[in-house]
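Right, one structure below, let's go through it.
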Amino acid sequence: MADIRAFVCGDPIKHSRSPLIHGYWLNRYKINGSYQAVQVSVENLPIFIKNLHEDGWAGGNFTIPHKQSVFDQLEDLDDAARAIGAVNTVWSESGKLYGGNTDAYGFAANLGAQVPMWRDAETAIVFGAGGAARAVIFALLKAGVAQIIVVNRTIERAEVMAQSFGKTVSAMTWQDITSKLQHADLLINTTSLGMDGQPDFPLDLAGARGDAIASDIVYVPLETPFLLMAKKRGLQTSDGLGMLLHQATPGFEKWFGQKPEVDEALRQVIIDDL
Ligand code: ATR
């Protein structure tokens, strides 16, 4: 059987850890295939997509700056890509190219693996109002979380986000959220705060409920200031590395026909590379 080839495409692309993740699975499942990083500029993206089949790609991942621009060149999109407004995974069906977004799936699958009881959560506070927050809110609503507050430095951005999702999502400032912390079953950081080289997470979690769950999408460092503070407070936590790994599984299954497992050895491969 011919090699199955998949890609991660961005500009720049050197930083991507996707080749490590998919390379691990290709090796583990002894699949005759490859997964490569491909640097494609914004101006060359249309031609890259047009020639995708001819060039022998089964599909792949798109990352910055292409997650929105691929939209118009696909046959159809899944619900998540449409709601989140970004495509990170493409695959072929009957010679046509389809796009999806696996970030919301990855977030929920990781939380399910690390803190299974999160499925009972009814209320959530999401810190941040960027693309990552949009994926997280989509996942929370899909899982049945009834009330979500989006907290953002630029409050207008949080308001626009809340409005786009409807009445169960509202917006708040960092100043005003302190008194609301005790109402939240879930606390989720989607900002870059706490990432290596960025300012620390600015809010004290002392007011959070003891049975709340804290989740961070940042994974450098693995134990972010937000998660360390949550652990000190006795909360259950889920880290961002798991989301990165779980969001990669649907693409792998579509291109290579094998549902891959996120195991401890894979986590270690990425931790060693951080
Ligand atoms: P992504 O698509 O990865 O979510 P983004 O759109 O750049 O990235 O969003 C980054 C988020 O981190 C935003 O919510 C941003 O707040 P603003 O919308 O006010 O910019 C938040 N963020 C980044 N640095 C911050 C800081 N120093 N203080 C507070 N919030 C910050």
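Of the strands (runs of 3 or more DSSP E) that lie entirely inside the stretch 165-236, those containing 1 or more residues that are closer than 29 Å to residue 273 by Cα span 186-189, 213-216. Residues in the stretch 64-75: is at least one in contact with a Phe, Trp or Tyr (Cβ under 9 Å, 6 or more places away or on another chain), buried (at least 17 other Cβ atoms within 10 Å of the Cβ) and at positive phi? No, the stretch 64-75 has no match at all. Elements of the type helices (runs of 4 or more DSSP H) sitting completely within the stretch 1-90 and holding at least 2 residues that are under 22 Å from the mean Cα position of the chain (by Cα): these cover 18-28, 79-84. Filtering the stretch 5-63 to residues that are within 21 Å of residue 269 (Cα to Cα) and without any contact (Cβ under 8 Å) to a residue 12 or more places away in the chain leaves 15, 27, 30. Scan the stretch 138-152 residue by residue and report those that are closer than 19 Å to residue 117 by Cβ and either under 16 Å from the mean Cα position of the chain (by Cα) or of a type in the set (Phe, Trp, Tyr) (or both). Within the stretch 138-152, 139, 140, 141, 142, 143 meet the criteria.
Can we say residue 217 is under 22 Å from residue 169 (Cβ atoms), outside the structural domain of residue 15 (by TED's automatic domain parsing) and under 17 Å from the mean Cα position of the chain (by Cα)?
Criteria met by residue 217.
Reported count of residues in the stretch 140-164, each being closer than 27 Å to residue 241 by Cα and either part of a strand (DSSP E or B) or more than 14 Å from the ligand (Cβ to nearest atom) (or both), is 12. The criterion of being at pLDDT 95 or above, within 12 Å of the ligand (Cβ to nearest atom) and in the same structural domain as residue 254 (by TED's automatic domain parsing) does not hold for residue 133.
Yes/no per residue for (1) of a type in the set (Val, Ile, Thr); (2) surrounded by fewer than 22 Cβ atoms within 10 Å (Cβ to Cβ); (3) in the same structural domain as residue 60 (by TED's automatic domain parsing); (4) within 30 Å of residue 5 (Cβ to Cβ):
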{"position": "196", "(1), (2), (3), (4)": "no, yes, no, no"}
{"position": "201", "(1), (2), (3), (4)": "no, no, no, no"}
{"position": "207", "(1), (2), (3), (4)": "no, yes, no, no"}
{"position": "223", "(1), (2), (3), (4)": "no, yes, no, no"}
{"position": "226", "(1), (2), (3), (4)": "no, no, no, no"}
{"position": "229", "(1), (2), (3), (4)": "no, yes, no, no"}
{"position": "233", "(1), (2), (3), (4)": "no, yes, no, no"}
{"position": "267", "(1), (2), (3), (4)": "no, yes, yes, yes"}
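The values are calculated or read from the model by the stated rules, or taken from the named source; none is laboratory data. Here the structure is a predicted model, which is why all the values come from computation and not from measurement. Neighbour counts are summed over all protein chains in view; Cβ atoms, including those assigned to glycine, are modelled from backbone coordinates with ideal geometry.
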